[in-house]
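Structure first, commentary second.
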Amino acid sequence: MSLRLEPFVNNGIYHVFNKTIDHRLVFNDDNNCIQLLNLIRYYRSNEVKFGYSQFIRLNPIVAKDYLKKILCRRSFRVEILSYCFMPNHFHFLLKQKKDKGISKFMGDLFNAFTRHFNLKIERKGPVFLPDFKSVMITNEAQLLHVSRYIHLNPYSNGLVDNCEKLINYPWSSLKEYIYQNTNKLTIQKDIISIFNNDKNKYKNFVLSNAEYQKTLETVKYLNKW
């Protein structure tokens with residue numbers, strides 16, 4: 001990854017996204033998605049001392065103590081506000097909590113995932129484009145728009161065909177925002193507080209724009225030809 005001209009700032013929120021090389025389908029495989037979720041939980045911490053592949057080989061007693069440090073929110077170098085994995089690309093809303101947190105998180109995360117993927121299918125070389133894209137969120141309206149855009153991705157791109165399937169799409173954080181879930185990956189306060197912590201209001205906010213966003217995606221696709 002090349003050096004950014006403008007460094008990420010602490011407590012700044014960013015839309016971070018990237019796609020695979022040659023549109024390779026990666027996240028159409030549930031096992032790859034599960035592995036990425038495991039890696040996200042691991043590498044979002046600033047307390048990581050060695051790679052995930054070494055961690056899973058630790059003595060269970062040692063691993064349990066180490067995991068407590070990693071899962072402590074005070075150790076997070078980034079907070080995950082929203083995410084969505086699509087077959088050949090991904091989206092995150094990330095809030096940086098430690099210096100260089102986003103850069104380190106993204107580097108460690110996708111280096112580890114690339115090793116996993118290449119070993120699995122016996123290949124070499126990068127899986128994703130070398131420079132991920134990022135856009136800083138500068139106001140509340142933009143924050144809400146990007147969160148909704150991320151959560152509508154499976155519907156607007158035709159991966160699911162109705163709103164019920166969208167809500168239950170397994171590789172998106174939308175279900176975490178709507179259902180009571182004790183095993184959440186996301187930190188939701190920056191977004192859900194805008195709706196007075198009312199999950200139903202957020203659900204309606206997202207779904208009310210579903211058809212419009214799908215139309216925009218269709219037009220964008222047609223304009224490529």
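Each value in this text was obtained by applying a stated rule to the coordinates, not by laboratory testing. All figures in this text were calculated on a predicted structure; none of them were measured in a lab. Backbone-built Cβ (ideal geometry, glycine too); neighbour counts: all protein chains shown.
The fraction of Cα-Cα pairs per 10 angstrom bin, counted from 0 for the stretch 139-185, comes to 27, 49, 24, 0 percent, rounded to whole percents. Between residue 73 and residue 37, the modelled label-to-label distance comes to 2.1 nm, taking each label 7 Å out from Cα in the direction of the beta carbon.
Regarding the stretch 97-225, what's the average projected area of the Cα-atom convex hull, expressed in nm²? Spell out each step's value before the answer.
Values: hull surface 42.4 nm².
One quarter of the hull surface, i.e. the mean projection, equals 10.6 nm².
Mean-square fluctuations from a GNM of the chain, with a 10 angstrom spring cutoff on Cα atoms, peak among 52, 42, 83 at 52. Computed over the stretch 13-222, the P(r) curve from all C-alpha pair distances, binned at 10 Å from the origin, holds 8, 33, 37, 19, 3, 0 percent per bin. Pairwise Cα distances in the stretch 1-100 exceed 16 Å for 65 percent of all pairs.
Placing R0 at 22 angstrom, the Cβ-Cβ distance between residue 30 and residue 121 gives a FRET efficiency of 0.90 after rounding to 0.05.
Name the helices (complete DSSP H segments) of the chain with a Cα length along the long axis of 15 Å or more and a Kyte-Doolittle mean of at least 1.6, or state none.
For the chain, where a helix must reach 15 Å along its axis and average at least 1.6, there are no hits.
Counting every alpha-carbon pair across the stretch 55-149, the share separated by more than 21 Å comes to 49%. Tell me, which longest segment in the chain has none of the GluC sites (Glu not before Pro) that fall in DSSP loops with at most 16 further Cβ atoms within 10 Å? Counting at most 16 other Cβ atoms within 10 Å as exposed, the longest clean stretch of the chain is 123-225. Distant-in-sequence amide contacts of residue 171, defined by a placed amide H-H separation under 5 Å and a gap of 5 or more residues or a different chain, comprise nothing.
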